[in-house]
Amino acid sequence: MSEHSEPLPSTPSRNAPLPLVIVAGPCSAESPEQILATAEALAHLPITYFRAGLWKPRTRPGNFEGVGEEGISWLTDVKSRTGLSVMTEVSLPEHVQKVLSAGIDAVWLGARTVSNPFAVQAIADALKGAQIPVFIKNPISPDVSLWRGAIERIQQVGITHVSAVFRGFSPIYASKLGYRNTPSWSVAFELRRQMPHIPLICDPSHITGRQYEVEGMCIEAVELGFDGIMVETHISPRTAKSDAQQQVTPGQLSNILCNLQTYRRQAQPQNSDLENYRKLLSEIDDTLLTVIAKRMEVAREIGNYKRVHHIPVLQLEHFSHVLETNMIRARKLNLPDEFVYNLFTCIHELSTRIQLNESKEQPHKL
Ligand code: PEP
Ligand code: MN
């Protein structure tokens, strides 16, 4: 199905039964045969855009950096032969000019580009006057303002169809155990809170980095209420020149899309049971804050004691003990280690600042 038959959900009403935006196609265009075979195998699915990277900004040198300009005609060929709308990544203004003059249907800005406001502005300037949907990945670090800033720069030149793509964040070092990218969902939720009308697409391929985990993350994304998914799909993933481990086959994508139907949630909460639950939560939150404030009062008194007795504020050995004790307690309450670690690190940081008399903060602007 071509994107032209369907309006883009640029200002989605959260009650309307919107179709999911589905972006699928290989990480990179490698040859005309590879993208055409992939596109032909996808053409019967409800694909909003067929993706293929032509210019690949790689983190380290020596990896496949894309076929470049040569691939533009391969993409337009895919478009005319299959009827699919096509998109690619732009990282430089010259990419934008080439893509616009060839009639490519949409573009995305990659995480590495979005991390650099000068690069984003140069791309925005090159896009001025064009009406082309632009998808903006989150930057490589969990910085909502940088992501939002990139969206605003593109909007400022008059582009109205702007979507955000959540692909997680580069970890400190690559691990074989966890996902390729750390999801840190709260960053995606914060962008949604700040920019509720920007469609939010999930990129399970780059988050998980593993073919067999892509479906599970697609399901999570639709259950969370994302507006679409971008799934790297290759006719022969094992031979892919980039991101071979995370690409699914068109057949696998077809199954994923079939299974996703049962997980789609669209209704806005309306019933009063939910309201009652929320009242209960609000009371608990109130208690939580009161207890934390009480804890801070005790921390302040300890701070005075340390000052009078010339004891340094930071007592790391004691903090390790606090962490261990609370993690043991929390396990009995079925609370995950990572959450408890983050919670007590946060509490300890405030206690420390209170003991340094640095607690008089400006109210946080929401
Ligand atoms: C991509 O989508 O192929 C890509 C390079 O993604 P990201 O910019 O999210 O790393
Ligand atoms: Mn990729």
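Values quoted throughout were computed directly from the atomic coordinates according to the rules given, and no laboratory measurement underlies them. None of these values were measured; they are calculated from a predicted model. For neighbour counting, all protein chains shown are included, and Cβ atoms are generated from backbone atoms with ideal geometry for every residue, glycine included.
Going by alpha carbons, how many degrees (0 to 90, nearest 10) lie between the helix axis of 185-194 and the longest principal axis of the chain? Computed tilt is about 80 degrees. Taking other C-beta atoms within 10 Å as the exposure proxy, L314, L323 rank L314, L323 from fewest upward. Taking the C-alpha atoms only, the angle from helix 32-42 to the longest principal axis of the chain is near 70 degrees.
So how far, in whole Å, is the C-alpha centre of the stretch 136-180 from the one of the stretch 233-295? First find each Cα centre; the distance between them is then 18 Å. Using only the Cα atoms of the stretch 203-325, build the gyration tensor, take square roots of its eigenvalues as a ≥ b ≥ c, and label the shape rounded, prolate or oblate: rounded if a/c is under 1.5, else prolate if a/b is larger than b/c, else oblate. Oblate shape, in that a/c is at least 1.5 and b/c is the bigger or equal ratio. Bridges between two residues of the chain, per DSSP, are antiparallel at a rate of about 5%.
Would you work out if the chain is rounded, prolate or oblate? Take a ≥ b ≥ c from the square roots of the eigenvalues of the alpha-carbon gyration tensor; rounded if a/c is under 1.5, else prolate when a/b is larger than b/c, oblate otherwise. It is prolate, given that a/c is not under 1.5 and a/b is the larger ratio. Consider a paramagnetic label point 7 Å from the Cα of C346 along Cα→Cβ; state which residues of the stretch 279-310 have an amide N under 14 Å from it. Those under the cut-off are 285-286, 288-290, 292-293.
Compute the long axis of helix 117-127 from its Cα atoms, compare it with the longest principal axis of the Cα atoms of the chain, and write down the angle in degrees, 0 to 90, nearest 10. Roughly 30 degrees between the two axes.
Multiplying the residue separation of R329 and Y263 by 0.36 nm and removing their Cα-Cα distance gives an extension gain of 20.3 nm.
If you take the square roots of the eigenvalues of the alpha-carbon gyration tensor of the stretch 45-177 and sort them as a ≥ b ≥ c, do you get rounded (a/c under 1.5), prolate (a/b over b/c) or oblate? Oblate.
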